Amino acid sequence: MLVQTFNVLKGGFQRAALFAALAMACTTGARALSDAELARKQAAIVDAHYNALNSLRAGFVETYDGLGMRRTERGTLLLAKPGRMKWVYSEPKGKLFVLDGKWAWFWSEGAGEVQRMSASQLDDLRTPLRFLLGHTQLEKELSGLTARATGDGLVELTGKPRSEKGKAPNAITAIRMRVTANGAIRELAIEQADGSTTRFDFDGEEPNPKLGRDEFKFTPPAGVPVVDAMPPI
């Protein structure tokens, strides 16, 4: 037990020391490490933080800005391995997005139908987060990865998904995330080819809450038809 505790503390001290070195290099112009090396080391901190978790609960604010409109929504995000996710919206109240590992379910109170889609075919800006726990490999997922200190104690990582090859209006052109010293994501911004940006701000992160499988089970309301369809943007 003492050895395990020491290793946990040791890991925390190492991450803090690495973050301090990163911030110093970014803010003072030190070049002991190249920009690419700094980005790789900070990405590794984020990887280590989330790969050590089995579940996660956090508050979120989702902001869409583009195509002449601005929309802000908020609620609670739940994640659990393997690949389960739940977005419970408090604004607008009654909106729900659940990924149970097999199906993705989209429901809003007052809607005339429940939308359902196979998880394997899902294409939604929220879905990459389902792989955050246990599978995080930012350097492999993002090309052209860069890092810079933001001056508020956070570090901003920027890159482009390696899987994005198309030029469709909804293609992702850049992903920016602002992270803490221990690798927790505080802000995730997704820029698309049509000029729009969707940003997720996270707070109150709770590591490893007890979340059973029933937490991610969705039963359509009685009398409401289920439609196999593409998820709303």
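Ordering of 56-65, 191-200, 41-50 by packing is 41-50, 56-65, 191-200, highest average first (other Cβ atoms within 10 Å, averaged per residue).
Beyond 25 Å in Cα-Cα separation lie the following of the pairs 41/140; 140/217; 81/217; 95/210; 41/102; 102/210: 140/217; 41/102. For residue 53, list long-range residues whose amide hydrogen, built 1.01 Å from N in the peptide plane, is under 5 Å from its own amide hydrogen. Long-range HN contacts for residue 53: 134. Under a 5 Å amide H cut-off, with hydrogens placed 1.01 Å from N, residue 101 pairs with 85 among residues at least 5 apart or on other chains.
Taking segment 55-98 and a reference point 7 angstrom along Cα→Cβ of residue 122, the backbone N atoms nearer than 14 Å belong to 77-88, 96-98. Computed packing ranks the peptides 76-85, 203-212 as 76-85, 203-212, most packed first, by mean other Cβ atoms within 10 Å.
FYI, it's all coordinate maths here, none of it is from the lab. Keep in mind that this is a model prediction, so the values were computed, not measured. Please note: Cβ atoms are built from the backbone with ideal geometry, for glycine as well, and neighbour counts cover all protein chains shown.
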